[in-house]
1. A:SER80 fails exactly one of the following numbered conditions: (1) surrounded by fewer than 22 Cβ atoms within 10 Å (Cβ to Cβ); (2) small (Gly, Ala, Ser); (3) assigned to a strand (DSSP E or B). What is the number of that condition?
2. Read through the list (1) out of contact with any Ser or Thr (no Cβ under 9 Å at 6 or more places or on another chain); (2) open to solvent by less than 60 Å² (accessible area, probe 1.4 Å); (3) facing another protein chain (nearest Cβ under 7 Å), then give the number of the only condition that B:GLY256 fails.
3. So which pairs qualify, if the first residue must be in the range B:344-361 and within 14 Å of chain A (Cβ to nearest Cβ), the second must be of a type in the set (Phe, Trp, Tyr) and surrounded by fewer than 24 Cβ atoms within 10 Å (Cβ to Cβ), the Cβ gap must be under 8 Å, and the two must be at least 6 apart or on different chains?
4. Based on what the data block shows, is A:SER322 polar (S, T, N, Q) and either closer than 30 Å to A:VAL3 by Cβ or without any contact (Cβ under 8 Å) to a residue 60 or more places away in the chain (or both)?
5. So B:GLU297 fits all but one of (1) without any contact (Cβ under 8 Å) to a residue 24 or more places away in the chain; (2) away from chain A (no Cβ under 13 Å); (3) farther than 18 Å from B:THR219 by Cβ; (4) not small (Gly, Ala, Ser); what number is the exception?
6. Have a look at A:ILE160, A:ILE168 and point out the one that is aliphatic (A, V, I, L, M), without any contact (Cβ under 8 Å) to a residue 60 or more places away in the chain and away from every other protein chain (no Cβ under 14 Å).
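The values are calculated or read from the model by the stated rules, or taken from the named source; none is laboratory data. In this text the structure is predicted, and so the values were computed from the model without any measurement. Here Cβ is always computed from backbone atoms with ideal geometry, including for glycine, and neighbour counts include all displayed protein chains. Heads up: the accessible areas ignore ligands, DNA and RNA and are worked out on the full protein's heavy atoms, side chains in. Shrake-Rupley method; radii C 1.70, N 1.55, O 1.52, S 1.80 Å.
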Number of protein chains: 2
Amino acid sequence: MPVHIDLERLRRTLDAVNSVAATEEGGVSRVALTDEDRAGRDLLVRWMQETGLDVRVDDLGTIYGRRKGAEPDLPVVFGSHLDSVPNGGRFDGALGVVAGLEVMRRVSEQDIQTRRPLELVSFTNEEGVRFEPAMMASGVLAGQFTRDYVYSRTDRAGTIFGDELARIGYRGDVEHRLPGAVAFLELHVEQGPVLDTRDYPVAIVEGIQGITWLEVTFTGQADHAGPTPMALRRDAFVAASRLVAFVQEMAKRIGGPAVATTGRCALEPDIINAIPGRAVISVDVRHPDQAGLDEMEAEVHRLAAEAADAEQVEVAVERIWSSPPTSFDSQLIAVLERMATRLGVPYHRMVSGAGHDAKYMAEIAPTVMIFVRSLGGYSHCPEEDSDWQDIEQAVTLLLNSVLQLAT
Amino acid sequence: MPVHIDLERLRRTLDAVNSVAATEEGGVSRVALTDEDRAGRDLLVRWMQETGLDVRVDDLGTIYGRRKGAEPDLPVVFGSHLDSVPNGGRFDGALGVVAGLEVMRRVSEQDIQTRRPLELVSFTNEEGVRFEPAMMASGVLAGQFTRDYVYSRTDRAGTIFGDELARIGYRGDVEHRLPGAVAFLELHVEQGPVLDTRDYPVAIVEGIQGITWLEVTFTGQADHAGPTPMALRRDAFVAASRLVAFVQEMAKRIGGPAVATTGRCALEPDIINAIPGRAVISVDVRHPDQAGLDEMEAEVHRLAAEAADAEQVEVAVERIWSSPPTSFDSQLIAVLERMATRLGVPYHRMVSGAGHDAKYMAEIAPTVMIFVRSLGGYSHCPEEDSDWQDIEQAVTLLLNSVLQLAT
């Protein structure tokens, strides 16, 4: 018999954690280590304690709430993050945390005894908008960053991460870090339009796309817009524009889920009556497997050379960052698929285009994610929205999957 | 018998006026109303006085040096400007002024008595880089700007034009303004590659292209670069890039001397991992006649709509400035052509793509320009260069044309 959730309680809990960070535009600003973040954390800690969980905070400020298992095994871990972007949406991150809290509450009030411990986690600074990089706390757990590096990060005002963590009262103990997990499950809104377009309430996520960031610099000849005939120009912006079109065509040719984006553009001299002598654009390519990602990068090099040749300008392509693809645990995916089928939850299998704490968690524990449909695909904005019936199906899937894994 | 110039003296004079404003990179910074501008002006005034000219300064700071004619007629006027852009070239503006001084020196030392007065002019603030707009003093003479408007203009530091003009000691008398002219001749470097490409030392300039500046705003949907499939994107930068290519193709299709330039680009949010929701680009179109200019503007509207439709984004095209084409005086052009032929100076007839003081002077007097070949087409940079043999031919053409017009 599947266990059901209390949707109204979940909704009230999400509203409560959002009320401490509400913006006039209808979004939330619960940016990492601000007073709003602290207020959200304080609520979570109180709710965890009221649910009888053993609460602890590690040296990165990540909050854990543990419910003992019958045996001293590694825990089944689930959760997400409470921090948001400025004027972000009401669901991104917070939904996964309050969903995990609802799991704990249901298990507690139904007095279910699991064999393995259950552990709800809320990671510090997933967004990375105030203190870079993103997914900071899960990254430390996975050995991607050192604590010293993280502690020394500063925001634009020069405030130091380690100081700010202490200021809000969440600089805990290294001993409190997650010791490991038999499984990690993260429920999150999709933040894209795939489920909405294909009409599925939830997705079981197979992995996270690999990402490579390139910076492409075209160097031509800056000149007066007036006296220089078209045939004699070496216009860096025209070359860059060709690449923008080529990159879009490339991604369409490869087909979904591969995507490519030219998000940034800087011209020199960037004045109305001068031919741009220099144009720098960014290219973000994403592919679910490493070979595909590498091929996209190589293709950008070829296309950039073609665009440059057409305008007789020089071009340099530099890789500025790359994150390899992540494959989630195939056994966990199978557990969730069977559970979804049993519960009658229609699901889509998909790859995440965005990063999540689950990306780093996958390096230290079997991991899987559940996506909830984002209405219209909006995210990181006040328009971010999800249907409560979809949320009910997703959290019911989480709850019953956790129970199965812990038993 | 044509009169010849003293090329070595001209060269020394140009070197002297550049030595007070030389930059480390080999260019000059004689920006309007700076101490370097004053130093250049002081030299010019001294040289004018040493040549026996009657020197006066008008309320805009424009410097005139007059040599009396046998009859009290309106003068034949020639000159250019001494101000430069920051780290600009050694010839832009200054060459036309020292060429005019060489004309006066030659006429004086050969004791040539002209029927009409000769007047050498050095206009204040042609460049408009410190105080906008450009061609300020000639614009006031032509009634384009009022003195109050010009006096109240400020630079980025908040310094007021009228105050700065007084500070350098060149706020003269409104009575000293040019009373009119039977002809105005401006010798200037081409600042473009046409003469160099076609291998002519000089050009007789038929007019100045009309210019229209448009701002095109594409509005799509900003979204995460990861979770949004290519088919569901409304990418404002891809649309803008299409227009950049279309604009280039349009200008090539129309053919020279029409040109079109997309010099500025601003994206929002302009971050590496977001699809641009907004892209604003500038379009500068130039054509020698008004009908052609209007047709280019209409074509940009059509092309912008086509680019927007292809990406399912919105577009708005705004005209932010327009300057009608200028035709120089056909009789003056004929005088110069005959003189060039007589002197054996090979010349090209062309339309100027850039603005000059001659543009406004053409509204109040018969006007023509002589261009000197710019090596490589470079201008507004230390690499700006011209061949001294070309300069000799151009100044000889100026001198003998002035004498013919004044007789």
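1. If we test A:SER80 against (1) surrounded by fewer than 22 Cβ atoms within 10 Å (Cβ to Cβ); (2) small (Gly, Ala, Ser); (3) assigned to a strand (DSSP E or B), just (1) comes out false.
2. In the conditions (1) out of contact with any Ser or Thr (no Cβ under 9 Å at 6 or more places or on another chain); (2) open to solvent by less than 60 Å² (accessible area, probe 1.4 Å); (3) facing another protein chain (nearest Cβ under 7 Å), B:GLY256 misses (2) alone.
3. Going by the 8 Å Cβ cut-off, the qualifying pairs are B:HIS348/B:TYR200.
4. no
5. (1) is the only condition that B:GLU297 fails.
6. When all the criteria are applied, what remains is A:ILE160.
Okay, residues lined up against (1) among the β-branched types (Val, Ile, Thr); (2) in contact with a strand residue (DSSP E or B) (Cβ under 8 Å, 6 or more places away or on another chain):
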| site | (1), (2) |
| --- | --- |
| B:LEU53 | no, yes |
| B:ILE63 | yes, yes |
| B:VAL76 | yes, yes |
| B:ASP83 | no, no |
| B:GLY88 | no, yes |
| B:PHE91 | no, yes |
| B:ALA94 | no, yes |
| B:ALA99 | no, yes |
| B:MET104 | no, yes |
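Yes or no, residue by residue, for (1) over 30 Å from B:VAL259 (Cα atoms); (2) polar (S, T, N, Q):
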position: B:ILE112; (1), (2): yes, no
position: B:PHE123; (1), (2): no, no
position: B:VAL140; (1), (2): no, no
position: B:THR159; (1), (2): yes, yes
position: B:ASP163; (1), (2): yes, no
position: B:ALA166; (1), (2): yes, no
position: B:GLY172; (1), (2): yes, no
position: B:ARG177; (1), (2): yes, no
position: B:ASP196; (1), (2): no, no
